[in-house]
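**Student:** Input: one structure, supplied below.
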Amino acid sequence: MLNEALRYVEQNRERFLEEYKEFLRIPSVSTDEAHRPDIQRAAAWVADQLQQIGMERVEIYPTPRHPIVYGEWLKAGSARPTVLIYGHYDVQPADPLEEWQSPPFEPTIRGENIYARGASDMKGQVMLTLKALEALAQTGGLPIHVKVLIEGEEEIGSPSLEAFLRSHQEMLRCDFSLNPDAGMLGADLPTITYGLRGLAYFELRVYGPAQDLHSGVYGGAVHNPAQALVELLAGMHDAKGRVTLPGFYDAVRPLSAEERAELARLPLDEAFFLQQTGAPALYGEAGYTVVERVGARPTLDINGLKAGFINSGAKTVLPAMALAKISMRLVPDQDPQEVHQQLRRYLEERAPATIRWELIAMHGSRPTISRRDTPWVRALSQAMEAVYGRKPYFRREGGSIPVVAQLQDILGVESVITGFGLPDDNLHAPNEKQNLPNWYRGIETILRFLTVLGEANV
Ligand code: BES
Ligand code: MN
C-alpha cells in the first residue's frame, strides 16, 4: 500500500503542483475586510479538495468572522487511532507590494522555489498534507481515522476557534492532532517543534494637545505625545535587554540544565542568526543564548509606530497623538491576560500627567509545551528518518499557533507540530517562498507517518 501511494504521488506530481498554485492564487488575507469574498472562495476551495479526497461530512461552518472547513474519514477499523489534522487557509497581508519580485498572488517558480504569499505559511503545508491524504485514499484507503479542520483566522489570532472547539467536542474527538504549521531548521534537517511561544498584542495611544500644534509657537509649552510615547517605550527594556513590566518574569518557567544542553546542540549558532536576519549585530536578554532567547524566553517588541509628519519634506508640527503597536511573545507559564495587566500597571506607574493614554488589547495566544514521549512523535520521527536519512531535531519555536493551547485545554489533546518550510522562506515578508523538492519530501513524510501509525499497535 505504501509503495502504491508513493507511486501515485510520482504520477501526479505536476497536477499536485497545479492545484497548489490554484490555492495560492486566492488572496485569502484574513485581517482585511476587503478580502472577505476571497476568504469565502478559499474555504470553498478547501472543502472541494476534501470532497475529492473522498472525505465525508464535509462542511463549511460559518463563525462570527471567517468560516471553518471540516471533513472526516473514519473507515480505518476500530483498532486504529484518530488524528485531527489542523491547518489554516488564511494568509498575512502581502504589503509592501513594491518589494515583491513577482506578484504575491501569482505563484511563480524561480529555481527550486515557488514564490507567493502563503507558499510556506501555510497553504504549502496544507496542500502537501492533503496530497498525502489523497494518495493514500486513492490507493487502498487511509491507514488511520482522519479528521481535518482548516480555519481562516489563524493569522489574526484564531478568535472564533475556541468557541467552535467547545461546541463541537464530540465531532472533533481524537487521539492527537497533527499540526504542520511550523517549519524545519534547514533543508536537510527534519524538525519536530515541541514548544511554541504565546502572544499578547496591543495598541498604545498617547494623546496630548487637542489638535496638532505649531512646534515653534507651542513647543516648550506642552509634552509632545510622540516624545512621551517613545519615553514610555524606551523604558520597557533595561540595559540588559530585560523587559521591565512589573512581574513580567514571575511566571516564567526557568530552563533546566538538561534542556539548555539540548538546545545548545541545535545547529543554530549566532552566525546563523546574523546571516538569516542581515542585522549588523544580535541583541537580546543577557545571560541566554540566541536559541534560548527566541524559543524559551519572553520578549517585547514594537511592531509599528505612528506619529506626526512622516511624508517627504519637512513640516514643523507638534502632533496631537502618537501610536505604537506592541506585542509580547510569552513562554510557559505566562498568560496573555496577566501580561496585559502588567503592561497596564507599567503605564499607570510611569505615564506622566502631561498626557493621556489608551491601551487596546488586540489578541492573545497561550504558550505551549507538547509531550514528546508519545507514539505519534515516535511515528513521525520514524517517517522523517525514512525520508531524510536522519532523526528529527526537537526545537522550541518562537512563533505562535493559538490552536495548540486551545486543543490541550478543551479536548485534552496533544499536537504533533512540524512543517516543511525553511528559515529563509520569508514568512509574513515580501517574496515568501517554499522550496519545492522539500514540499514533495513533505508529502512523502506525512504519507509514511500515517502509514506507520496504521501498522503500529497504539
Ligand atoms: N505558522 C506561523 C507560526 C510559526 C512560524 C510557527 C514559524 C513556527 C515557525 C503562524 O501562522 C503565525 O504566524 N502565527 C502568528 C500568530 C498570531 C497572529 C496569533 C504569529 O506567530 O505571529
Ligand atoms: Mn501559519
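The values are calculated or read from the model by the stated rules, or taken from the named source; none is laboratory data. Source: prediction; values computed, not measured. Every residue, glycine among them, receives a Cβ derived from its backbone with ideal geometry; neighbour counts consider all protein chains shown. Surface accessibility is based on the protein's heavy atoms, side chains included, excluding ligands, DNA and RNA. Shrake-Rupley method; radii C 1.70, N 1.55, O 1.52, S 1.80 Å.
**Student:** Quick check on the stretch 94-141: of everything there that is free of Cβ contacts under 8 Å to residues at least 12 places away in the same chain and among the acidic types (D, E), which residue is least open to solvent (accessible area, probe 1.4 Å)?
**Tutor:** The selected residue is D95.
**Student:** Moving to a separate point now. Considering only residues that are modelled with pLDDT of 95 or more and open to solvent by 10 Å² or more (accessible area, probe 1.4 Å), look in the stretch 77-93 and name the one that is farthest from ligand 2 (Cβ to nearest atom).
**Tutor:** R80
**Student:** Might you let me know whether the stretch 96-119 holds any residue that is out of contact with any Pro (no Cβ under 8 Å at 6 or more places or on another chain) and under 24 Å from V403 (Cβ atoms)?
**Tutor:** Yes, because at least one residue in the stretch 96-119 is out of contact with any Pro (no Cβ under 8 Å at 6 or more places or on another chain) and under 24 Å from V403 (Cβ atoms).
**Student:** Considering only residues that are touching a Leu at 6+ places or on another chain (Cβ under 9 Å) and either in a loop (DSSP other than H, G, I, E, B) or away from ligand 1 (no atom under 14 Å from the Cβ) (or both), which ones fall in the stretch 191-215?
**Tutor:** Across the stretch 191-215, the qualifying residues are R197, E203, L204, R205, V206, G208, P209, D212, L213, H214, S215.
**Student:** Which condition does R350 not pass, out of (1) within 16 Å of ligand 1 (Cβ to nearest atom); (2) over 24 Å from the mean Cα position of the chain (by Cα), if it passes all the others?
**Tutor:** (1)
**Student:** Turning to a different aspect of this structure: Among the residues that make up the stretch 410-421, is at least one of them among the charged types (D, E, K, R) and either touching a strand residue (DSSP E or B) at 6+ places or on another chain (Cβ under 9 Å) or open to solvent by less than 60 Å² (accessible area, probe 1.4 Å) (or both)?
**Tutor:** Within the stretch 410-421, one or more residues are among the charged types (D, E, K, R) and either touching a strand residue (DSSP E or B) at 6+ places or on another chain (Cβ under 9 Å) or open to solvent by less than 60 Å² (accessible area, probe 1.4 Å) (or both).
**Student:** If I ask for residues that are within 25 Å of A379 (Cα to Cα) and either touching a His at 6+ places or on another chain (Cβ under 8 Å) or within 15 Å of ligand 2 (Cβ to nearest atom) (or both), which ones from the stretch 407-430 would you list?
**Tutor:** The answer is S415, I417, T418, G419, F420, G421, L422, P423.
**Student:** When you check S158 against the structure, is it at pLDDT 95 or above and within 16 Å of ligand 2 (Cβ to nearest atom), yes or no?
**Tutor:** It is true that S158 is at pLDDT 95 or above and within 16 Å of ligand 2 (Cβ to nearest atom).
**Student:** Given the structure, is T445 at pLDDT 95 or above and either within 16 Å of ligand 1 (Cβ to nearest atom) or surrounded by 20 or more Cβ atoms within 10 Å (Cβ to Cβ) (or both)?
**Tutor:** Judged against the criteria, T445 is a match.
**Student:** Another question about this same structure. Those residues that are open to solvent by 20 Å² or more (accessible area, probe 1.4 Å), closer than 18 Å to L165 by Cα and in contact with a strand residue (DSSP E or B) (Cβ under 8 Å, 6 or more places away or on another chain), I need them from the stretch 377-409; list them, please.
**Tutor:** Q408
**Student:** Suppose we filter the stretch 245-271 for residues that are touching a residue at least 40 places away in the same chain (Cβ under 8 Å) and not acidic (D, E); how many remain?
**Tutor:** Residues that pass the stated criteria total 13.
**Student:** Taking only pairs six or more apart or across chains, which ones have beta-carbon atoms under 8 Å, a first residue in the stretch 392-406 that is modelled with pLDDT under 95, and a second residue that is more than 10 Å from ligand 1 (Cβ to nearest atom)?
**Tutor:** Note: no pairs meet the criteria.
**Student:** Restricting to the stretch 18-55, and then to whatever is under 24 Å from G140 (Cβ atoms) and of a type in the set (S, T, N, Q), can you tell me which residue is least open to solvent (accessible area, probe 1.4 Å)?
**Tutor:** This residue is Q49.
**Student:** Taking strands (runs of 3 or more DSSP E) that fall entirely within the stretch 80-181, which contain at least 1 residues that are within 16 Å of ligand 1 (Cβ to nearest atom) and within 18 Å of the chain's Cα centre (by Cα)?
**Tutor:** Of the strands (runs of 3 or more DSSP E) lying wholly inside the stretch 80-181, those with at least 1 residues that are within 16 Å of ligand 1 (Cβ to nearest atom) and within 18 Å of the chain's Cα centre (by Cα) span 82-88, 145-151, 176-179.
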